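Taken together, the values in this text are just the output of simple stated rules run on the coordinates, not laboratory data. What you see is a predicted model; the values in this text were computed from it and never measured. Cβ sites come from the backbone with ideal geometry, for glycine too, and all protein chains shown count toward neighbours.
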Amino acid sequence: MEQHIIELLDKLPPISLDEMKDIKLMNRIDKKYLATIDQLKQLLVLAQGKYMVQQIDGKRYNRYHTIYLDTPDEEMYTMHHNGRLVRQKVRVRTYMDSDDTFLEVKNKNNHGRTKKKRMSVGSVDTLVADGGDTLLAKHAHYLLADLVPKVENRFERITLVNMAKTERLTIDCHVKFHHCETDMHSTYDRLVIIELKRDGNVYSPVKDMLRELRIKPSGFSKYCIGSALTNPNLKRNRFKPRFTKIEKLLNKY
């Protein structure tokens, strides 16, 4: 993480992982925004006095590694690409600083609400032995035998919480993609993915800050964008405007 960003994070009061348990927001409304590293620095200045930053073992940003599973013919990717509102993702996420790994199922309904279920596992190689099919049978349309690893990503995440503890803001930087089948790599070093997570339409201080910085809402699926960037065999027409928008954003700031 860039030193200037670390210095700005040090000016925010910390919130511990235990305190974060009160704001899991497992059944939530998400809204994503795309920004640049320079805009992130401005946002962290505006957040002074209004937000806390999650701190784990003295660190105010954390490293993530995620592997997305899909059917061999990319059924989940295709549903998202084709505009299906009701859709899901299955992934294995490792919190690299604590070495905790979870199998996760994310379901999105046609009202834009996301519901996430997860269970602790050893690794992507031990999902069957760890009982992963129990989770999938309850919350997914697939079993492990239907799925294979498709795309992995790595990124650094900052997590902010407003003083009222009614929302969580995740800020992902330095996102790197790797396709498990094509072995292609892609990186968005200067792109920042901001996600506002809250239960319902409670007041959000950061929305005014984002508006001031001209950071607008923009959908961004790490699985779909990462897949389209690293697998030339996939349909990507629906995502072309997103790639154009990202290119213009990075060239502007």
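Listed values, structure above:
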{"quantity": "Only listed residue being over 20 Å from the mean Cα position of the chain (by Cα), touching a residue at least 60 places away in the same chain (Cβ under 8 Å), surrounded by 12 or more Cβ atoms within 10 Å (Cβ to Cβ) and closer than 14 Å to Tyr77 by Cβ, chosen from Lys235, Lys222", "calculated": "Lys235"}
{"quantity": "Index of the failed condition, Ser186 passing every other in (1) buried (at least 17 other Cβ atoms within 10 Å of the Cβ); (2) closer than 23 Å to Val90 by Cβ; (3) in contact with a Ser or Thr (Cβ under 7 Å, 6 or more places away or on another chain)", "calculated": "(1)"}
{"quantity": "Condition check for Thr166: out of contact with any Gly (no Cβ under 8 Å at 6 or more places or on another chain) and in contact (Cβ under 8 Å) with a residue 40 or more places away in the chain", "calculated": "yes"}
{"quantity": "Tally, over the stretch 113-157, of residues that are among the small types (Gly, Ala, Ser), over 28 Å from Thr187 (Cα atoms) and surrounded by fewer than 17 Cβ atoms within 10 Å (Cβ to Cβ)", "calculated": "5"}
{"quantity": "Unique residue being more than 19 Å from Ile193 (Cα to Cα) and touching a residue at least 60 places away in the same chain (Cβ under 8 Å) when the list is His81, His65, His111", "calculated": "His81"}
{"quantity": "Residue list for the stretch 145-163, restricted to those being over 15 Å from Ser221 (Cα atoms) and either without any contact (Cβ under 8 Å) to a residue 24 or more places away in the chain or among the charged types (D, E, K, R) (or both)", "calculated": "Ala145, Asp146, Glu156, Arg157"}
